[in-house]
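Before any comments, here is the structure.
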Amino acid sequence: MMFDDRMRLVKDTVFNPMAVLVQAVPPWLFSVLGLVAGVGGALAAWQQAYLLAFLLWFLNRIFDGLDGAVARISDSQTDFGGYLDIIIDYVVYAAVPIGLAVGRMETAVTYALIFLLSTFYVNGASWMYLAAILEKRSHQPADRLTSVVMPAGLVGGTETIIFYSAFLIFPKALVWLFCLMGLLVVITIVQRLIWANRYLK
């Protein structure tokens, strides 16, 4: 989340005008279209059609930005919408590197993938349960723009977009990229543990 706050301003500048034009469309439909694009990108990566995979990943990110923007513009935000959005994000975040690794079928890439997805698994617990505790203690900011606020960490949405784009642009460097992202996610987990130990006692 190093750049997420800054990117939020850029995201709003880009997506809010688009959201005004399509505000009659239910936000959940953009979420589903994002799922289709993301899974399609994973399938394209599996077939080593990397340009198509990148374009579908980019389309997934557009739909992911539109669903929330449309919900806010049309005043139709719901807890279920936020829940659906994060579930779809996690499906795509798993599917794309799996598609890349299966397409390569190399032992080193597979091991790096296992490491990366393992860090995702622990990272999910590190922020979701902490967010639930903060909600319970009413520590969520009143002006939040998402359904839940993820406790800050080194790797957030912006960094994920950068890494996944790099995965698709530089598929021959997957071992290094998977391992680097995994290590940064581990640091993020440790950051949240330290924060929780300091503030939740």
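So which of Ala94, Ala42, Ala71, Ala49 ends up being under 29 Å from Val20 (Cβ atoms) and small (Gly, Ala, Ser)?
When all the criteria are applied, what remains is Ala71.
Is it the case that Thr158 is surrounded by 13 or more Cβ atoms within 10 Å (Cβ to Cβ), within 15 Å of the chain's Cα centre (by Cα), at pLDDT 95 or above and in a helix (DSSP H, G or I)?
no
Taking the stretch 185-201 on its own, how many of its residues are free of Cβ contacts under 8 Å to residues at least 60 places away in the same chain and buried (at least 16 other Cβ atoms within 10 Å of the Cβ)?
Number of matching residues: 1.
Answer yes or no as to whether Gly34 is buried (at least 22 other Cβ atoms within 10 Å of the Cβ), closer than 19 Å to Val155 by Cβ and in contact (Cβ under 8 Å) with a residue 40 or more places away in the chain.
Taking the combined requirement at face value, the residue does not satisfy it.
Under 17 Å from the mean Cα position of the chain (by Cα) and at pLDDT 95 or above, is that true of Ser165?
Answer is yes for this residue.
Do we have Ser118 as touching a residue at least 24 places away in the same chain (Cβ under 8 Å), farther than 25 Å from Val14 by Cβ, out of contact with any helix residue (DSSP H, G or I) (no Cβ under 6 Å at 6 or more places or on another chain) and not basic (Lys, Arg) here?
Judged against the criteria, Ser118 is a match.
Mind listing just one residue for me: the one in the stretch 95-129 that is hydroxyl-bearing (Ser, Thr, Tyr) and within 14 Å of Met181 (Cα to Cα) and, of those, surrounded by the most Cβ atoms within 10 Å (Cβ to Cβ)?
Thr119
Of the numbered conditions (1) surrounded by 15 or more Cβ atoms within 10 Å (Cβ to Cβ); (2) part of a helix (DSSP H, G or I); (3) at pLDDT below 90, Met150 fails exactly one; give the number of that condition.
(2)
So which residues in the stretch 48-96 are modelled with pLDDT of 90 or more and outside any helix (DSSP H, G or I)?
Gln48, Ala49
Can you tell me which residue within the stretch 78-98, out of those that are closer than 14 Å to Phe30 by Cβ and touching a residue at least 40 places away in the same chain (Cβ under 8 Å), is farthest from the chain's Cα centre (by Cα)?
Among them, the one singled out is Gly81.
The values are calculated or read from the model by the stated rules, or taken from the named source; none is laboratory data. Since we're looking at a predicted model, the values are computed, not measured. We place every Cβ from the backbone using ideal geometry, glycine too, and count neighbours over all the protein chains shown.
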